[in-house]
Amino acid sequence: MSQYVTAAEYKVLGLPADALEEVTDAELDTHLQAVSGMIDSYLESRYTLPLTNTPDALKRCCSCLASWHILLWRGYNPETFDTGYKEAHDACIAWLEGVRDGRNSVPGAEDQTPTVDEGAPIVSSADLRGW
């Protein structure tokens, strides 16, 4: 499994610094790895994993999903605060469902699917003829 966002990238793309004051990089990595695994469960039906690159759309999605999970882990109560993080989480899940179901794609994603070399010889086999 790959991790789509590093802790350093998350500090730029994710929650504000004051929300992460007592969160260590190791704890961030744990959340980011868990969310990346969840993302993989949506991507595996369309792509051969792991991807060879990490498109910006996946970095943003991973950051949004991790933000919501980190907030809940830290005791955030969405009824008393801004609900934008939950809305971003839900939008990412809907987008990932679209990727899984073939309605959406991940722009710039390069997976591990082998490519066919146009100049390579074609090899085939058949049953022995018995001569």
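Derivation of every value follows stated rules applied to the coordinates shown; laboratory data play no part. This is a predicted model, so every value here is computed, not measured. Quick reminder, even Gly has a Cβ in these numbers, built from the backbone with ideal geometry, and neighbours come from all protein chains shown.
With unit charges on the beta carbon (Lys/Arg positive, Asp/Glu negative), name the residue among Q3, P50, H31 whose Cα is farthest towards the positive pole of the charge dipole of the chain.
Checked the options; the winner is P50.
Using alpha carbon coordinates only, what is the Rg to Rh ratio of the chain, with Rh defined as the Kirkwood radius?
That ratio equals 1.20.
What is the magnitude of the charge dipole of the chain about its Cα centre, with +1 placed on the Cβ of each Lys and Arg, -1 on the Cβ of each Asp and Glu, and no other charges, expressed in debye to the nearest 20?
320
Using only alpha carbon pairs under 8 Å that are at least six residues apart, calculate the relative contact order of region 7-101 and give it in whole percent.
Here the relative contact order equals 37 percent.
Mind checking the angle between helix 25-43 and the chain's longest principal axis? C-alpha axes, 0 to 90 degrees, to the nearest 10.
In the chain, helix 25-43 runs at an angle near 50 degrees to the longest axis.
Taking a cut-off of 19 Å, what percent of all Cα-Cα pairs in region 42-90 are separated by more than that?
Tail fraction, whole percent: 38.
Under 15 Å from the Cβ of V106, count the other residues' Cβ atoms, weight Lys and Arg +1, Asp and Glu -1, and hand me the total.
Computed value for this residue: -2.
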